[in-house]
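One structure is given here, and the rest of the page talks about it.
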Amino acid sequence: FGLGQRTGIGLDGEKTGLVPSPEWKRKRFGKPWYEGETLNVSIGQGALLVTPIQVVSMLSAVANGGILFAPRLVEKVESTDGKVFVESASPRGAPVRFSSRTATIVQKALRDVVASEDGTGKRARIEGVAVAGKTGTAQVIRMDDQRTSGDEIPLKERDHAWFACYAPAESPEIVVVVLVEHGGHGGETAAPIAREILDEYFRSDRTDETLAVSPISEVEG
């Protein structure tokens, strides 16, 4: 899914993130890897590090059935008379290998996160459009090191809030990833921001000329 490496978006200083492995732990700490750490990393905990743009690319591949694209900031720059100065395609990477059964299970689970009354992402719902998403919370310091709890925790020690989603769930056009530094829980802080972005996107009058082509829309059909 492109984690642990640069996406190629073309920004100076892009981070690679980190997908920890037995080799990494042995080199970094001189200690062996335990099976439980694999489970920990697989759900996004432990030493795993990802950037928001990596999550965008990853979720796009989940939404479109397994194609990983390199993101871009600008599709085209042209003058008012139609002269094109810059035009860039979104490079198509190798397919991400997962079964259609796995894709169906994950895509349904993502829809339920928002649609279900028990879903942690229900604050991202918008009228008339099915949203598929996932909330997340990234610890800033170890819980053992937190001196207080709740609202009494100093701002710089509070967890980061994540929410990643795509919509419409059945025929994706757009991926939105929100990271609120020290925002707490993703469902409470990041999901409502994503909802506002989605609401604006689907509410606005859009034409093929004014809407930038997304990697997802390029592979529809």
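The values are calculated or read from the model by the stated rules, or taken from the named source; none is laboratory data. What you see is a predicted model, and the numbers here were worked out from it, not measured in a lab. Cβ coordinates were reconstructed from backbone atoms using ideal geometry, including for glycine residues, and neighbour counts include every protein chain displayed. Surface areas here come from the heavy atoms of the whole protein model, side chains and all, with no ligands, DNA or RNA. Shrake-Rupley method; radii C 1.70, N 1.55, O 1.52, S 1.80 Å.
Please pull out the direction-averaged projected area of region 1-81, using the convex hull of its alpha-carbon atoms, in nm² to one decimal place.
7.5 nm²
Once you've got the Cα coordinates, tell me which of 15/134; 134/156; 27/134 are over 26 Å apart.
In this structure, 27/134 exceed 26 Å between Cα atoms.
For region 37-112, which GluC sites (Glu not before Pro) are both in a DSSP coil and crowded by at most 12 other Cβ atoms within 10 Å? Could you put the intermediate results ahead of the total?
Details: sites: 37, 75, 78, 87; in loops: 75.
Loop-located and lightly packed - none at all.
Rolling a 1.4 angstrom probe over the protein heavy atoms, how many square angstrom per residue are accessible across the chain?
64 Å²
Calculate one ³J(HN,Hα) per residue across region 59-69 by plugging θ = phi - 60° into the Karplus curve 6.51 cos²θ - 1.76 cosθ + 1.60, and present them in order as whole Hz with x for glycine and proline.
5, 4, 5, 5, 5, 8, x, x, 9, 9, 9
Counting other C-beta atoms within 10 Å, and keeping those with at most 11, which DSSP coil chymotrypsin sites (Phe, Trp or Tyr not before Pro) do you find in region 1-81? Before the final figure, lay out each step's value.
Details: sites: 1, 24, 29, 33, 34, 69; in loops: 1, 33, 34.
Taking region 1-81 and a limit of 11 other Cβ atoms within 10 Å, the loop chymotrypsin sites (Phe, Trp or Tyr not before Pro) found are 34.
Could you tell me which of 64, 114, 102 has its Cα farthest along the dipole of region 63-150 towards the positive end, charges placed at Cβ (Lys, Arg +1; Asp, Glu -1), taken about the Cα centre?
102
Can you list the trypsin sites (Lys or Arg not before Pro) in region 49-106 that are in a DSSP coil and have 13 or fewer other beta carbons within 10 angstrom?
Answer in residue order: 83, 97.
Quick check: at a probe of 1.4 Å, how many percent of the accessible area of the chain sits on carbon and sulfur atoms? Don't skip to the end; give the middle numbers.
On the way: 7360 of 14170 Å².
Reported share for carbon and sulfur atoms: 52 percent.
Residue 39 to residue 99: extension gain in nm, 0.36 nm per residue of separation minus the Cα-Cα distance?
Using 0.36 nm per residue and subtracting the Cα-Cα distance, I get 19.6 nm.
How high is the relative contact order of the chain, given as a whole-number percent (alpha carbon pairs under 8 Å, six or more residues apart)?
Numbers: 383 pairs, mean separation 35.3, N = 221.
Relative contact order comes out at 16 percent.
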